[in-house]
Amino acid sequence: MDIRDMKHFAAIVEEGNISHAARRLNIAQPPLSKQMKQLEDELGVQLFERGSRRIRLTEAGRLLRERVEQILGLVDGTVKELTDLNSGLTGTLSIGTVTTSGAALLPNWINKFHTLYPNVTFQLWEGDGYRILELLDNRVIEIGIIRAPFDSQIYESITLPDEPLVVAMKRDGRICGEDPDKIRLSELAGQPLIIPLRWKSMVLGWCERAGFKPTIICVSDGIIHNLLWAKLGIGIALVPDFSKELVVDSGLIYKTVAEPTIATHTEIVWVRNRNLSASSKHFLNLFKEMIPGNGTGNQ
């Protein structure tokens with residue numbers, strides 16, 4: 001198995017379809033299918049489940065995907081390090097981000113960075129926090145934008161200012177309340193809640209201290225899905241304040257959680273003791289300049 005095999009395998013996985021991958025690679029489909037069959041024969045395992053229009057990986061295929069991401073990430077990272085060795089004014093900056101932070105925060109930061117370094121191109125990955133950390137570990141990306149918690153022994157970080165949490169609910173839903181902008185945490189007792197997976201333990205703790213056990217009907221890190229469920233009245237979604245910019249709809253209202261006020265924050269993370277490309281270092285320095293007194297802890 002060589003680098004070409006790995007790149008072609010990765011393209012098939014990313015496209016989810018051999019014919020689409022062939023077009024992307026600018027090769028015919030039959031030779032690509034034959035190449036993958038030869039790769040399976042060489043490795044002595046089945047990588048794909050046949051009989052489906054969309055590629056489905058076997059257990060061996062999923063393992064190979066992880067290893068290929070690591071190897072290709074290392075190759076690309078090495079090339080970037082050598083390319084950027086002198087100036088860091090060119091190359092590709094690979095960033096991974098959770099949905100809400102990427103949509104709300106990244107455009108302004110990227111715009112300013114692009115003004116300073118117009119020859120740097122970008123590769124952006126999106127997923128939940130666990131996926132972003134996995135991409136960091138596998139060297140697919142160099143910088144991750146996630147929400148706490150994470151292991152500070154493994155990752156260095158820049159902490160952005162605290163962000164209040166809000167609840168999103170159908171306008172004619174169960175809770176009206178006296179305050180149109182705020183809601184007490186205790187008012188969520190007995191209400192069907194939709195919460196991010198990463199915050200489940202924290203939510204349980206917050207509610208316990210408020211004197212009740214929450215009724216959680218869905219745990220999901222898909223913030224957009226959570227907001228759409230709330231819009232339909234299926235439940236009340238607990239989301240970061242930035243989420244208000246993602247779904248603006250007259251049938252959906254947002255209230256800041258108060259008494260007690262609860263908050264989360266966004267973290268800019270990278271792998272501790274790993275050499276970063278010059279462009280990544282410039283990007284992190286830009287963050288530090290834009291967020292004075294950020295208390296760049298965990299370093």
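The values are calculated or read from the model by the stated rules, or taken from the named source; none is laboratory data. Please read these numbers as outputs of a predicted model, since none were measured by experiment. Cβ sites come from the backbone with ideal geometry, for glycine too, and all protein chains shown count toward neighbours. Ligands, DNA and RNA are stripped out before the accessible areas are found, and what is left, the full protein with its side chains, is counted by its heavy atoms. Shrake-Rupley method; radii C 1.70, N 1.55, O 1.52, S 1.80 Å.
For the modelled label position 7 Å from the Cα of A263 along Cα-to-Cβ, which residues of segment 149-172 have backbone nitrogen atoms closer than 14 Å? So the set is 159-166. How much FRET efficiency would the formula 1/(1 + (r/R0)^6) give for D5 and T90, where r is the Cβ-Cβ distance and R0 is 25 Å, rounded to 0.05? Efficiency computed from Cβ-Cβ geometry: 0.30. Output the 0 to 90 degree angle, nearest 10, between the alpha-carbon long axis of helix 59-83 and the longest principal axis computed from the alpha carbons of the chain. Computed tilt is about 80 degrees.
Legend: residues V248, V203, sorted from most to least accessible area (1.4 Å probe; ligands, DNA and RNA excluded), read V248, V203. Taking the longest Cα principal axis of the chain as reference, the axis of helix 200-209 is set at about 10 degrees. Measuring nothing but how far apart in sequence close Cα pairs (under 8 Å, 6+ apart) lie, relative to its length, segment 162-263 scores a relative contact order of 50 percent. Taken along its three principal axes, the alpha carbon spread of segment 162-263 comes to 33, 30, 27 Å, from the longest extent down to the shortest.
Counting lysine pairs in segment 207-299 that sit 8 or more residues apart in sequence, or on different chains, and whose Cα atoms lie under 30 Å apart gives 7. The mean sequence distance of close C-alpha pairs (under 8 Å, at least 6 residues apart), as a share of the length of segment 3-66, puts its relative contact order at 28 percent. Label separation (D179 vs V45): 5.4 nm, computed from points 7 Å beyond Cα along the C-beta direction. At an R0 of 30 angstrom, the distance between the Cβ atoms of S33 and N275 translates into a FRET efficiency of 0.20.
Angle, helix 106-116 long axis vs. longest principal axis of the chain, Cα atoms, 0 to 90°, nearest 10? Taking the Cα atoms of the chain, the angle to 106-116 is about 50 degrees.
Within the assembled protein chains, the solvent-accessible surface assigned to M1 is about 90 Å², based on a 1.4 Å probe. Distant-in-sequence amide contacts of T58, defined by a placed amide H-H separation under 5 Å and a gap of 5 or more residues or a different chain, comprise F48, E49. Label separation (L116 vs L286): 0.7 nm, computed from points 7 Å beyond Cα along the C-beta direction. These residues, C218, C207, go from largest to smallest accessible area, 1.4 Å probe, as C218, C207.
Only Cα pairs under 8 Å and 6+ residues apart enter the sum, and on that basis the relative contact order of the chain stands at 22 percent.
For the chain, what % of the accessible area comes from carbon and sulfur atoms, probe 1.4 Å? Here it works out to 51 percent. Neighbours of S243, meaning other residues whose beta-carbon lies under 13 angstrom from its beta-carbon, give a summed charge of -1 when Lys and Arg score +1 and Asp and Glu score -1.
With a Förster radius of 30 Å, plug the Cβ-Cβ distance of E14 and T215 into 1/(1 + (r/R0)^6) and report the FRET value to the nearest 0.05. E(calc), rounded to 0.05, equals 0.20. Listed values [x] 21.6; [y] 19.5; [z] 23.0 include one computed from this model; for Kirkwood radius over Cα pairs in Å that value carries the label [x]. Under a model in which nothing but the beta-carbon of Lys, Arg (+1) and Asp, Glu (-1) is charged, segment 175-257 shows a dipole of about 260 debye around its Cα centre.
Stokes-Einstein at 25 °C, 0.890 mPa s, Kirkwood radius from Cα pairs: D for segment 3-66 in µm² s⁻¹? Don't skip to the answer; put the middle values down first.
Working: Rh = 11.6 Å.
Roughly 212 µm²/s, to the nearest whole number.
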